[in-house]
1. Could you list V267, V152, V50 in order of exposure, starting from the residue whose Cβ has the fewest other Cβ atoms within 10 Å?
2. Is it possible to state the helix-based mean residue ellipticity at 222 nm for the chain, with each DSSP H run of 4+ residues giving -39500 (n - 2.57), the sum divided by total residues, to the nearest 500 deg cm²/dmol? What is it?
3. What longest range of the chain stays clear of loop-exposed GluC sites (Glu not before Pro) (DSSP non-H/G/I/E/B, at most 15 other C-beta within 10 angstrom)?
4. Looking only at the chain, where both bridge partners belong to it, what percent of the DSSP beta bridges are antiparallel (to the nearest 5)?
5. Going by Cα centres, the range 166-192 and the range 274-342 are how many Å apart?
6. Using only alpha carbon pairs under 8 Å that are at least six residues apart, calculate the relative contact order of the chain and give it in whole percent.
7. Between the range 203-259 and the range 37-55, what's the alpha-carbon centroid distance in Å?
8. Give me M364, M112 ranked fewest to most by other Cβ atoms within 10 Å of their Cβ, as a rough exposure proxy.
Amino acid sequence: MDMNVIIVGDGKVGAALAGQLSSEGHDVTIIDSNPQVLNASSEQLDVMAVTGNGASMVTLREAGAEKADVLIAATSRDELNLLTCLTGKKLGTAHAIARVRNPEYSDQLVAMREELGLSLTVNPEQAAAEEAYQLLQFPSFLKREAFAQGKVEIVAVPVGAGSKLAGIPLFKLYEIAGVNVLVCAVEREDGVHIPSGAFTLREGDTIYVTAGIQDLAKLVKNLGLNDHRVRSLLIVGGSRIAFYLARRCIDSGISVKIIERDHTRCVELAEAMPKATVIEADGARQDILLAEGLKDYDAVITLTGMDEENVVLSMFASHMGVPKVITKINRIEYADVFRKMGIGSIISPKGLCCTHIARYVRAMSSASGIDSVLTLHSIVDDQAEALEFLVGPEARHQGEKLMDIPLKEEILIAGISHEGRTSIPRGDSSFVAGDTIVVVTAGGRTLGDLDDIFDD
């Protein structure tokens, strides 16, 4: 179902959302006070543009808020986003989504969500911190995405020099992995592949593996990957992400040191987290990093405000032999470029914000909740998608063996959950109404519901 979507704020997040939602067939209107920025977006994207204050009733009426299905407030100002959503709901907008970054608002938003008329709030920095924390639990994985209420994950694994996986066809994977897994996508220099069992892996590939959460530790061990537990973390840059991540790590027993150049911010972090070591220094200097024991840490994450600085620092940390390196980037359009530079895992607060909101909109647009999208993740730098569908009572091909079901090209069923039990599917697996299934697709195809995967 196509939806009328209003996006307030034409920054990086707003523009990325507008592009994604417009490409999926939704009617998108962007509001911003800067006419030059709006002109650029309207020329590049199939969207309407309204110049003005997004929190103003007059501007929202001009944009059609009374009939809008979704209003997304994505400016850089939390208070403006909340006021925009409140105003939109007053005018009749069905659903309101706010980008809210200040951690001081978290508890209030939980308590006042209904009063404010919010369908969803997204904190990009908190989401980025949580993603970084999950990566620290399994340092060998470049990326982790959860499905089936956390029971199944798609993890990105590099096929490095000397890897047990190099040169083997996928039908022999179980012999090495020792657990039931499925390679649902392979990233190679020539592009992204949705592989068959005959597909042979090469050194330099990055494979996206579907596995049960209970099998991840065994998978790491059997593949000969780094299973060293992270006990110490060095954070370069004392941002909001640093605060959220440090607090999470300290609670789990990981020792944390933060290097931040701003004196006031150092004081704030030290007062908020007495168990963290906070160093007032320029973390971009190699001599400072070496003096603070860079080589002795299990993990380093670079969280300065500059992408280029984060990339350089991460490359240096990798060069010095740090087992796990995580890099924050803001310019999501360059994620693929940065990843190919060998800087380990990448997190993008703005990218995560877009993904969370797009997932919510996709789920709402599914017809009547039948065969609806429960979870959506972009993988392989947005070159593929993994979606979790609820199988409705009218779904086709129920009870049939997967090997007998005609699927469109570049489509793979990667997981099936039945009555609370999740399995990695085989050729003789099947699904019925009430199940949830994980589908991976590449090639720029957009899936609105389950029927879109069948080739008949």
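1. By the 10 Å Cβ count, ascending, the order reads V267, V50, V152.
2. Roughly -9500 deg cm²/dmol at 222 nm, from the helical runs in the chain.
3. Value returned for the longest uninterrupted segment is 204-393.
4. DSSP beta bridges in the chain are roughly 50 percent antiparallel.
5. So the separation of the two Cα centres works out to 30 Å.
6. 11 percent
7. 40 Å
8. M112, M364
Readers should treat all values here as calculations from the given coordinates under stated rules, not as data from a laboratory. Predicted model, so just to flag it, every value in this text is computed and none were measured. Cβ: placed from backbone, ideal geometry, glycine included. Neighbour counts: every protein chain shown.
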